[in-house]
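Each value in this text was obtained by applying a stated rule to the coordinates, not by laboratory testing. Keep in mind the model is a prediction, meaning the values are calculated, not measured. Virtual Cβ from ideal backbone geometry, glycine too; neighbours counted across all protein chains shown.
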Amino acid sequence: MWNYTEKVMDHFLNPRNVGEVINPDGEATVGNISCGDALKLGFKLDENGKISEVKFKTFGCGSAIASSSVLTEMVKGKTVEEAAKITNKDIVDALGGLGEEKIHCSVMGMEALQSAIANYRGVEYRHEDEDEHHGRVVCHCFGVTDAKIRKIAKENGIKTVEGVTNYCKAGGACGRCKDDILEILQGVWKLESRNEEQLELSVLTFTQKVIKIQSIIDSDIRPMLEQDGGSIEFIDLRGDTVVVRLKGRCAVCPSSGVTLRNTVEGKLREYVSQDLKVEEIRG
Amino acid sequence: MKTMFFDYNSTTPVAAEVVSAMLPYFSEHFGNASSSHSYGQKALHAIDMARMQIAKAIGANADEIIFTGSGTEANNLAITGIAHKFRGKGNHIITSSIEHSSVYRQCKYLERCGFEITYLPVDKLGKINLSELEESIKKETILVSIMTANNETGVVQSIKDISQIAEKYNVFTHSDAVQALGKMPVNVDEIGVDLLSISAHKIYGPKGVGALYLRRGLGIAPIIHGGGQEKKMRSGTENVPGIVGFGKTCELAITNLDRNIEHLQKIRNLLEDKVRQHILGIEINSSGADRIPNTSSITFPGISSETLLVKLDLNGIAASSGSACGAAEMETSRTLKALGLSEKDQHCTIRFSIGLSTTEKEIEYAIKIIKHLINIHQC
């Protein structure tokens, strides 16, 4: 059920520095219990400006507790400036590794520390380039903004929706925002993007229509069919009739007519034009 | 360390009598039931006997039982089989928001294929609303698929009323009865379903064998093609020992049904009474609803279910949760979400599912451990 390193297990079962610091110099709570993870972290400095006391309280899974625990050991004795340099990767390394789907636990640790330091400095915690809390909320299940997704993608070189989910949970619950996340990633990595405003078919030249249909089939329809072992090929455009060939499982599926009418025609009508009809050629 | 299993809804140990019934069919009577020689006929006979035992357990006829490789496959076969066969009539399927993933994911797949799926919500007690069901039926509707008993909360739906409504509109009814069989009476004629899925390993039978009840005269499209076994509905050489074990375990389940229900109810009630008595602030989900007698979904506010489960396991107690903190598995708490539990409570909920060998002593011990763990971890 769980796949923790010995170090994670040790920190999970015997967490260090649990509790609350009385009269802390810096303190912050990050995460949200409603998302399954929350972390409160506070610290106190000694006369030399070094962190002498640090405590945490975590609601979450084993790796969230372990991340917080190991983090408190890492910051003890450091100056605020030194502590501020700790990244989530340092936390993962200190734990001897974390599963991909648990990386967000280390991210939460880093955020708690940075927020507590910001609190000590008397400023709002802000990321260098943009404020993740002021973007547009993309993932409503976990309250993740587009700014945060962009930042995570850039910093960690993430190019897939799954990667984003592993780092910050966005897209991991209902999944409704997955298309949105993909678009954000496409923007970050300057991949080919579609979904410009729907243009009137009449203003498109024949070639533009073909390109548009091809791109919707490539970016939307085929990936959907491929999830279940099917596929589709765009053959021709004859007037308003899009001629396609269904392949793979779709080619032998008794319900391919339903797929053609509802999935293929539905998408093309939504993105290209209401006047389009879809026809299948076999063989 | 003593270990205790409170996760019988995930699977059960195979009963000794079931194992003995199966043994001769591994190496001695190993024939392929499709062969016409005596080896094959011996296997065929064993399958027929099992078919009768299973049919009897659910009030069906033997020729209405199709063996599959799992409860999941039975659910897949039922839903896709109806969809493919009756696509000419319509492309709309009604199900609920709390179904097992073998129904839910199959419906999601059909959605990508162009079918339209309605996911009915449930009320606070976990039951679907019958008038809402009726209102969602339209002329394109071909199937209503609602589970008999929920795997996470144990809530039992009024399948009889559901199938009566569906029948009024000439819509087929399927029910996933995998968690219900052996824990409550299940009679296909009485509840009036057209298709019903069951599985052996949830009722002290072997893993790797399930069955679909398919009402006589109703044809569906197969999802596995090949040698034409199981009346062409499910090709593949029959898992003879598994099927024999399934038959035997159904016979035992039905013979002892009343006694088993009484035992499970007594132990489950003890668990719930003790939890209420010793641990403050807990919530037993859907406790006011009609439930199968072995399942208890308990919310322990303030302690993450993942943490509690690991700690319980380290103390020898095996239980399970519907939700995990790993992002990828988040969708597994659909049932708790549909019940209206706050996201926080969804992360603090544990399922205890007890079995025929669970004792009062085990419950007392488990309560002691839980109480201790809650005291040191709750924040």
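Results, tabulated for the structure shown:
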read-out: Cut-off under 5 Å, modelled amide H: who pairs with A:CYS139 long-range; value: A:VAL144
read-out: Dimensionless Rg ratio for chain A, taking C-alpha atoms and the 2.2 N^0.38 Å reference; value: 1.33
read-out: Residues whose placed amide H lies under 5 Å from that of A:GLY230, excluding near-sequence neighbours; value: A:ARG249, A:CYS250
read-out: Beta bridges by DSSP in chain B, antiparallel share as percent, to the nearest 5; value: 50 percent
read-out: Of A:LEU276, A:MET110, B:SER175, farthest towards positive along the dipole that unit charges on Lys, Arg, Asp, Glu beta carbons give the protein assembly as shown; value: B:SER175
read-out: Taking chain A and dividing mean pair separation by its residue count, relative contact order in percent (alpha carbons under 8 Å, at least six apart); value: 12 percent
read-out: 0 to 90° range, to nearest 10: angle between helix B:38-57 axis and chain B longest Cα axis; value: 50 degrees
read-out: ³J(HN,Hα), Karplus 6.51/-1.76/1.60, whole Hz, each residue of the stretch B:352-362, x for Gly, Pro; value: 9, 10, 9, x, 5, 9, 5, 10, 4, 4, 4
read-out: Farthest toward positive dipole pole in the protein assembly as shown [+1 Lys/Arg, -1 Asp/Glu at C-beta], among A:CYS174, B:ILE243, B:PHE115; value: B:ILE243
read-out: Filtered GluC sites (Glu not before Pro), the stretch B:132-177: DSSP coil and at most 16 other beta carbons within 10 Å; value: B:GLU140
read-out: Crossing angle, helix B:240-255 versus chain B [Cα axis fit, 0-90 degrees, rounded to tens]; value: 60 degrees
read-out: Antiparallel DSSP beta bridges within the protein assembly as shown, as percent of all bridges there, nearest 5; value: 65 percent
read-out: Loop chymotrypsin sites (Phe, Trp or Tyr not before Pro), the stretch B:74-157 (other Cβ atoms within 10 Å of the site Cβ: 10 or fewer; DSSP); value: none
read-out: Distant-in-sequence amide H partners of A:LYS277 (H built 1.01 Å from N, under 5 Å); value: A:THR241, A:VAL242
read-out: Cα centre as origin, Lys/Arg/Asp/Glu Cβ charges: the stretch A:206-280 dipole, Debye; value: 40 debye
read-out: Added length on full extension, which subtracts the Cα-Cα distance from 0.36 nm per residue, B:SER36 to B:ARG276; value: 80.3 nm
read-out: Percent antiparallel among DSSP beta bridges (both partners in chain A, rounded to 5); value: 85 percent
read-out: Computed helical MRE - 222 nm, chain B, DSSP H runs ≥ 4 contributing -39500 (n - 2.57), nearest 500; value: -12500 deg cm²/dmol
read-out: Residue-by-residue Karplus 3J(HN,Hα) for the stretch B:111-123, coefficients 6.51, -1.76, 1.60, Hz, glycine and proline x; value: 4, 5, 7, x, 7, 9, 10, 9, 9, 5, x, 10, 7
read-out: Hz values of 3J(HN,Hα) by residue in the stretch B:204-213 - Karplus curve (6.51, -1.76, 1.60), Gly and Pro given as x; value: 6, x, x, 6, x, 8, x, 8, 10, 7
read-out: Acute angle (nearest 10 degrees) that the helix A:206-216 long axis makes with the longest principal axis of chain A, alpha-carbon atoms; value: 40 degrees
read-out: Size of charge dipole - the protein assembly as shown - debye, nearest 20, with Cβ of Lys, Arg +1 and Asp, Glu -1, no other charges; value: 1120 debye
read-out: Debye intensity ratio in log₁₀ form over the Cα atoms of the stretch A:6-121, taken at each q of 0.12 Å⁻¹; value: -0.35
read-out: The stretch A:206-280, Cα convex hull volume normalised per residue, Å³; value: 70 Å³
read-out: Tail beyond 31 Å, pair distance distribution of the protein assembly as shown (Cα, percent); value: 61 percent
read-out: B:THR237 versus B:LYS2: modelled label distance in nm, points set 7 Å from Cα along the beta carbon direction; value: 4.6 nm
read-out: Farthest positive-ward along chain B dipole, Cα basis, beta-carbon charges - from B:GLY281, B:LEU44, B:GLY217; value: B:LEU44
read-out: At 0.692 mPa s and 37 °C, Stokes D of the stretch B:202-296 from Kirkwood alpha-carbon radius, µm² per second; value: 193 µm²/s
read-out: Within chain B: Cβ-based charge dipole about Cα centre, in debye rounded to nearest 20 (Lys, Arg +1; Asp, Glu -1); value: 280 debye
read-out: Normalised per residue, the volume of the convex hull around the Cα set of chain B (Å³); value: 138 Å³
read-out: Loop-located chymotrypsin sites (Phe, Trp or Tyr not before Pro) in the stretch B:166-233, at most 14 other Cβ atoms within 10 Å (DSSP); value: B:TYR169
